[in-house]
Amino acid sequence: MPRFVLVESTGRESGPGAARFLADATALALAGHPIRVVLVQEGVTAALPGALPGLDQALQAGVELRVDAFSVTQRGLTAAELVPEARMTGMDEVADALLAPDTKVVWH
């Protein structure tokens, strides 16, 4: 079964797209697909507690949550401010995930 990596680069300030994208990730996870959501740029704000509707449901469905450490720092945030399930990552790990065999990537 292919693994999905969904990269979100926008936050809730950009409209409902990020929440819909997360809902897609949740649906894929509930269908049995391994899902990793990677938050970059403004998307990292979605990892703040209560910031994005549906994040709790996605995590409960088994979605892995990775947050770009550089983007977090650029926005004056710290890992301690994010939901506990968020794992800080670097772009080297993201690149490895994007290039892994049998992986489907969607970037929003």
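None of the figures in this text is laboratory data; all of them are computed from the coordinates on show. The structure presented is a predicted model; accordingly, all values stated were derived computationally and were not measured. Cβ atoms come from the backbone with ideal geometry, glycine included; neighbour counts cover every protein chain shown.
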**Message:** Filter the stretch 60-84 down to the residues that are of a type in the set (A, V, I, L, M), more than 11 Å from Val44 (Cβ to Cβ) and part of a strand (DSSP E or B) and list them by number.
**Reply:** none
**Complete:** Met91 meets each of (1) closer than 16 Å to Val106 by Cβ; (2) in contact with an Asp or Glu (Cβ under 7 Å, 6 or more places away or on another chain) with one exception, condition (1)
**Asked** How do the pairs read when you match residues in the stretch 71-87 that are surrounded by 13 or more Cβ atoms within 10 Å (Cβ to Cβ) with residues anywhere that are part of a helix (DSSP H, G or I), using Cβ under 6 Å and keeping only pairs 6 or more apart or on different chains?
**Response** Ser71/Gln41; Ser71/Val44; Val72/Val44; Leu82/Ala47; Val83/Ala47; Glu85/Leu59; Ala86/Ala47
**Prompt:** From Asp102, Asp68, which residue is on the phi > 0 side of the Ramachandran plot, touching a residue at least 24 places away in the same chain (Cβ under 8 Å) and of a type outside the set (Gly, Ala, Ser)?
**Reply:** Asp102
**Request:** For the stretch 43-52, indicate whether the set of residues that are out of contact with any His (no Cβ under 8 Å at 6 or more places or on another chain) and in a strand (DSSP E or B) is non-empty.
**Result:** no
